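A.B. asks: Take a look at this one; I'll ask things after.
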Amino acid sequence: MTLLEIDSVTKEFDGDLTVLRDVSLTVRPGELVWLRGRSGAGKTTLLSLAGLLSSPTHGTVRVDGAEVGTASRAAEVRRSRIGFVFQKPLFLPALSTVDNVMLPSPLPHSEARAAADQLLTRFDVGSRADHRPGLLSGGEAQRVALARALMNDPALVLADEPTAGLDAETAALVRTHLAELAHEQRAVVVASHDDGFADVATRSVTLRNGELTDA
Amino acid sequence: MRDSRLIRGELLRTLRRHWAMPLFLVLLVGFVVVARGPVADARASATALGTGDGSLRTVSVWANTPDGRTPLTGKRIREIGRLPGVVAVTPYDSDSVEVYLADDQKRDDPRVLTLHPWTAAHPRLVSHGDSTDPERLAANEIVLADGFAGRSARQLVGREVVVLHTPIERVERSPDGGEAAHGGEPRELRLTIAAVHDDSLGSLDGPGSAYVNPKLAAELHAGSRATTVERLYATEGFDSLQVEVGSAEQVGDVQRQLREAGLYSASITSQLRALSPALSLLDTVGSVALWLVVGLALVFGLAMGTQRVRSRLPEIGLLKALGFSEGRIFRVLAGELFAVGSVAALLGVSLGALVAVVVSGAASLQPLTMALLLPLPGTALVVGALIPLSYARRLPPDSVLRHG
């Protein structure tokens with residue numbers, strides 16, 4: 001069963017800048033795909049397409065077998081099936097850490113709070129639940145972002161440079177957590193320069209000049 | 001997560017960190033609450049005076065001759081009554097009378113009051129009781145000043161007073177060519193206090209004034225002049241009159257006709273005309289302040305909306321990435337602005353009401369204005385921010401994420 005299917009996708013910006021050329025990629029549940037490539041190779045663009053944050057110029061992107069047409073349908077799929085971890089952990093500064101984790105949850109407040117607490121504890125940041133996100137360290141912030149990515153119990157987790165700027169020990173911890181997600185039969189795609197992913201990834205692919213190799 | 005938590009979180013953050021514009025709205029709304037009360041009072045009073053109430057429709061008239069004593073007889077009164085615009089003419093001479101409460105033990109220590117006829121000019125002076133219509137003041141009723149004989153208005157209305165007077169039954173020519181009044185025995189006239197007027201309003205007739213039915217006033221005045229009412233009207237005449245005019249607008253015209261007839265006249269309308277620029281200015285300030293709230297809230301809405309969208313692009317992108325629909329993002333952002341405006345309005349109304357009560361008293365509060373002000377800034381903020389908010393919700397999620 002294929003969870004993410006990117007088929008012959010080309011992405012152009014302003015009609016003259018081609019970032020991705022005829023890229024195809026499939027990811028199955030339980031796989032951790034390490035997406036490599038130099039800066040500007042198109043990794044983030046490919047993750048945006050995979051996460052339905054943008055649409056391809058040519059080609060198709062299917063999540064769970066369904067091609068997503070409209071923006072509202074894409075939002076619905078993101079809400080229910082996809083979890084994101086960004087390079088720079090983004091939080092709403094007006095909310096507490098746990099409230100930020102609860103953001104994607106469709107559950108009633110008390111159930112969402114219990115689930116969020118459980119996830120924060122799993123990633124060893126339970127004690128920071130009621131703190132403002134601005135008070136979190138880089139490693140804590142990335143682990144809180146991991147907790148938030150799992151809040152809607154996604155089948156597909158997309159992570160963009162999740163270990164960038166972290167010390168070696170914390171980066172290893174984040175890699176381990178992402179590997180655990182794959183073991184839970186989620187499909188995980190990580191775009192990263194971090195060679196440490198070689199140890200935990202089930203597969204690696206490389207983007208060069210907008211084209212995918214090693215797929 | 002419920003949108004209300006998002007809105008509440010952002011509201012508290014705004015009030016903590018970006019409080020300049022909300023504070024300005026608070027002060028502006030507060031100013032409107034404070035300013036609108038007295039202005040609305042003044043306008044309502046002016047309207048009431050000019051229409052329902054008779055003060056502005058009343059002209060005081062005095063005889064105007066070189067010897068200073070050309071009496072206003074019945075014939076003259078009828079002539080004045082026929083002038084265009086004149087509704088009623090009441091002889092308006094005052095008399096000092098001795099009055100005491102009927103059930104008061106101190107009958108040997110009566111108060112001396114100045115008695116006047118009750119006319120259309122007086123009902124607005126009533127502070128307690130229901131005698132607001134000059135027609136309703138019966139022959140056995142009286143209107144006294146609040147505080148008469150050391151009693152409050154509540155203690156006075158409905159009680160009886162005794163007025164001491166000396167009626168004259170007839171005047172006959174004596175054999176020596178002079179005139180002799182018959183009667184002249186002091187009598188006690190029992191009157192019920194129908195209403196109490198507030199002396200502090202600056203009554204038309206000075207402190208210690210009391211009012212009775214015009215016919216009774218004429219009888220008492222005749223007694224004090226040692227004559228009869230018939231003779232007063234026929235030959236002796238009155239010193240002054242109060243002329244009731246159909247509307248405040250006609251007062252000037254009636255005064256002109258009275259001058260042409262050789263009579264002095266004065267009216268509150270002509271006095272108020274001198275004040276009208278000040279009233280208009282106050283009125284304008286009150287109205288402008290209300291529209292200023294709307295206008296500034298619209299501008300603030302545009303500014304805050306633009307600033308928020310610009311500074312929160314990564315947050316908006318995050319919400320999109322987490323699956324928030326365009327409509328939901330718009331609702332959250334608009335809800336935040338509405339909440340900020342509403343809290344500012346609530347604080348402003350409360351602050352304004354507090355100041356208004358302290359400065360002008362609770363009566364100056366305008367519940368309608370305050371109710372209108374509560375949703376106004378929030379709505380205006382949202383309307384002002386419509387363009388940036390619409391722009392924000394339509395941004396593709398990946399482009400807003402790249403701004404982070």
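A.B. asks: Given the structure, is residue B:121 part of a strand (DSSP E or B), within 20 Å of residue B:241 (Cβ to Cβ) and of a type in the set (Gly, Ala, Ser)?
C.D. replies: It is false that residue B:121 is part of a strand (DSSP E or B), within 20 Å of residue B:241 (Cβ to Cβ) and of a type in the set (Gly, Ala, Ser).
A.B. asks: Among the residues of region A:108-158, what is the count of those that are free of Cβ contacts under 8 Å to residues at least 60 places away in the same chain, within 16 Å of residue A:83 (Cα to Cα) and not in a helix (DSSP H, G or I)?
C.D. replies: So the answer is 2.
A.B. asks: Which one is most open to solvent (accessible area, probe 1.4 Å) among residues in region A:114-143 that are in contact with a Leu (Cβ under 9 Å, 6 or more places away or on another chain) and within 13 Å of another protein chain (Cβ to nearest Cβ)?
C.D. replies: So, considering only residues that are in contact with a Leu (Cβ under 9 Å, 6 or more places away or on another chain) and within 13 Å of another protein chain (Cβ to nearest Cβ), the one most open to solvent (accessible area, probe 1.4 Å) is A:132.
A.B. asks: Got a number for residues in region A:31-71 being open to solvent by 20 Å² or more (accessible area, probe 1.4 Å) and over 18 Å from residue A:8 (Cβ atoms)?
C.D. replies: Number satisfying all stated conditions: 9.
A.B. asks: Test of understanding: among B:104, B:53, B:41, which residue is among the charged types (D, E, K, R), modelled with pLDDT under 80 and not in a loop (DSSP other than H, G, I, E, B)?
C.D. replies: Result of the check over B:104, B:53, B:41: B:41.
A.B. asks: A further question on this structure: Could you list, in sequence order, the residues of region B:1-33 that are closer than 14 Å to residue B:331 by Cβ and either in contact with a Gly (Cβ under 7 Å, 6 or more places away or on another chain) or more than 14 Å from chain A (Cβ to nearest Cβ) (or both)?
C.D. replies: B:3, B:7, listed by residue number.
A.B. asks: Of all residues in region B:125-159, which are assigned to a helix (DSSP H, G or I) and either at pLDDT below 75 or touching a strand residue (DSSP E or B) at 6+ places or on another chain (Cβ under 6 Å) (or both)?
C.D. replies: Within region B:125-159, B:125, B:134, B:135, B:136, B:149, B:153, B:156 meet the criteria.
A.B. asks: Failed condition for residue A:208, given (1) open to solvent by 40 Å² or more (accessible area, probe 1.4 Å); (2) closer than 24 Å to residue A:79 by Cα; (3) of a type outside the set (Asp, Glu), with all others met?
C.D. replies: (2)
A.B. asks: With the checklist (1) within 19 Å of residue B:395 (Cα to Cα); (2) in contact with a helix residue (DSSP H, G or I) (Cβ under 7 Å, 6 or more places away or on another chain) in hand, flag the one item residue A:64 doesn't pass.
C.D. replies: Failing condition for residue A:64: (1).
A.B. asks: Let me ask something else about it. Just wondering, is there one or more residues in region A:50-68 that are closer than 17 Å to residue B:319 by Cβ, assigned to a helix (DSSP H, G or I) and within 12 Å of chain B (Cβ to nearest Cβ)?
C.D. replies: No, there is no match, as no residue in region A:50-68 is closer than 17 Å to residue B:319 by Cβ, assigned to a helix (DSSP H, G or I) and within 12 Å of chain B (Cβ to nearest Cβ).
A.B. asks: Please state which one of A:188, A:174 is of a type in the set (Val, Ile, Thr), part of a strand (DSSP E or B) and either away from chain B (no Cβ under 14 Å) or open to solvent by 40 Å² or more (accessible area, probe 1.4 Å) (or both).
C.D. replies: None of the other options fit; the residue is A:188.
A.B. asks: Right, here's the next one. If you take the residues in region B:160-201 that are assigned to a loop (DSSP other than H, G, I, E, B) and under 16 Å from residue B:227 (Cα atoms), which one is most open to solvent (accessible area, probe 1.4 Å)?
C.D. replies: The extreme case among them is B:185.
A.B. asks: Among the residues of region B:291-299, is any out of contact with any Pro (no Cβ under 8 Å at 6 or more places or on another chain) and crowded, with 20+ Cβ neighbours inside 10 Å?
C.D. replies: no
A.B. asks: While we're looking at this one, here's another question. Can you work out which of the residues in region A:72-98 that are open to solvent by 70 Å² or more (accessible area, probe 1.4 Å) and more than 24 Å from residue A:30 (Cα to Cα) is farthest from the other protein chains (Cβ to nearest Cβ)?
C.D. replies: It comes out as A:73.
A.B. asks: Additional query: Given the structure, is residue A:101 of a type in the set (A, V, I, L, M), at the interface with chain B (Cβ under 10 Å from one of its Cβ atoms) and under 20 Å from residue A:187 (Cα atoms)?
C.D. replies: no
A.B. asks: Would you mention how many residues in region B:1-33 are in contact (Cβ under 8 Å) with a residue 24 or more places away in the chain, within 30 Å of residue A:108 (Cβ to Cβ) and surrounded by 15 or more Cβ atoms within 10 Å (Cβ to Cβ)?
C.D. replies: 7
A.B. asks: Looking at region A:10-26, which of the residues that are within 20 Å of residue A:36 (Cα to Cα) and hydrophobic (A, V, I, L, M, F, W, C) is most open to solvent (accessible area, probe 1.4 Å)?
C.D. replies: Of everything passing the filter in region A:10-26, A:19 is most open to solvent (accessible area, probe 1.4 Å).
A.B. asks: Follow-up question, since we're still on this one. Would it be correct to say that residue B:17 is modelled with pLDDT of 65 or more and closer than 16 Å to residue B:364 by Cβ?
C.D. replies: So residue B:17 does not fit the description; no.
The values are calculated or read from the model by the stated rules, or taken from the named source; none is laboratory data. Because the structure is a prediction, the values reported are computed rather than measured. Here Cβ is always computed from backbone atoms with ideal geometry, including for glycine, and neighbour counts include all displayed protein chains. Only protein heavy atoms, including side chains, enter the accessible area calculation; ligands, DNA and RNA are left aside. Shrake-Rupley method; radii C 1.70, N 1.55, O 1.52, S 1.80 Å.
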